[in-house]
Amino acid sequence: MDKTTIWRIVRDERAALCDDLDSFSADEWGAPTACPGWSVHDVVAHLVDTAKTTRRSFVTGLTAARFDFDRQNEVGVRRERRADPRHTVEEFRRVLDRTTTPPANLATRLVEAIVHGEDIRRAVGRRGSYPVEAIVAALDYQLRTSVSMGGGKQRAAGLHVQATDADISRGDGPLVRGSALALLLSVSGRAVASDELSGEGVPQMTEGAASPG
């Protein structure tokens, strides 16, 4: 997927999420997500922060956080989280067109837009709709990338991962079958509904997956 297409999809997904967030209640903004310790509001603030991040600011921030990625993320959330969630959404809308990025493969922007979009929506019982080609590109990247770098390579190690709604089939071993979105979420360490995946490899793929709460 080329650079222009990636940024168009990211921009569209940011806008779609902002539109959804406009209807969230106060309770929904405080709902726990699959990101440990983060509410819906926290994840939105994180998306604002990463949209503003440049290669230089990422390195500067990581150094200040003593090379602790979690600490760096927490600082970013505190910086961008407004007292009123509506103001956080306003700030999110201001960065819809930003194409700055940390020093990482651009596929990570698709992973972030889709996985965090679902972190937010699923925390309040909703689901998103995403371009299948974007999900496939994000899934392919996660399957090739180490967990330590935010991917899911080790979670899928020794498994045959096969999408039911897209042309992607990777690996050998016990089968894990489901929609490309369910596979992306699972390989990214998120819990999915019991009917979203099938195959003898599911217990291995989903071991230790993070559920909201």
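Once the mean 1/r over all distinct Cα pairs of the chain is inverted, what Kirkwood radius in angstroms do you read off?
17.5 Å
I need to check one value: relative contact order of the chain, counting alpha carbon pairs closer than 8 Å and at least 6 residues apart, in percent.
Value for the chain: 20 percent.
Using a probe radius of 1.4 Å on heavy atoms only, what accessible surface per residue do you get for region 103-213? Whole Å² is fine.
Heavy-atom SASA per residue in region 103-213 reads 44 Å².
Given labels modelled 7 Å from the Cα in the Cβ direction, how far is it in nm from R126 to R82?
Between R126 and R82, the simple spin-label model gives 1.7 nm.
So what is the 222 nm mean residue ellipticity for the chain from helices alone, if each DSSP H run of at least 4 adds -39500 (n - 2.57) and you divide by all residues, rounding to the nearest 500 deg cm²/dmol?
Estimated from H runs of four or more residues: -14500 deg cm²/dmol.
If you count only protein heavy atoms and use a 1.4 Å probe, how large is the accessible surface of F58, to the nearest 10 Å²?
Its heavy atoms expose roughly 50 Å² to the probe.
How far is helix 69-80 tilted off the main Cα axis of the chain, in degrees rounded to 10, range 0 to 90?
Approximately 40 degrees, to the nearest ten.
Which FRET efficiency value, to the nearest 0.05, is calculated for D70 and A157 with the Förster distance at 22 angstrom and r the Cβ-Cβ distance?
Values: r = 24 Å, r/R0 = 1.08.
Plugging the Cβ-Cβ distance into 1/(1 + (r/R0)^6) gives 0.40.
Computing the accessible area with a 1.4 Å probe over protein heavy atoms, can you report the carbon and sulfur percentage for the chain?
The value for the chain is 50 percent carbon and sulfur by accessible area.
Give me the one-decimal nm value for the distance between modelled label points at D2 and A191, 7 Å along each residue's Cα-to-Cβ direction.
4.3 nm
The values are calculated or read from the model by the stated rules, or taken from the named source; none is laboratory data. All of these numbers come straight from a predicted model, not from anything done at the bench. Heads up, the Cβs are rebuilt from the backbone with ideal geometry, glycines too, and the neighbour counts pull from every protein chain shown. Note: accessible area is taken over every heavy atom of the protein model, side chains too, but ligands, DNA and RNA are not part of it. Shrake-Rupley method; radii C 1.70, N 1.55, O 1.52, S 1.80 Å.
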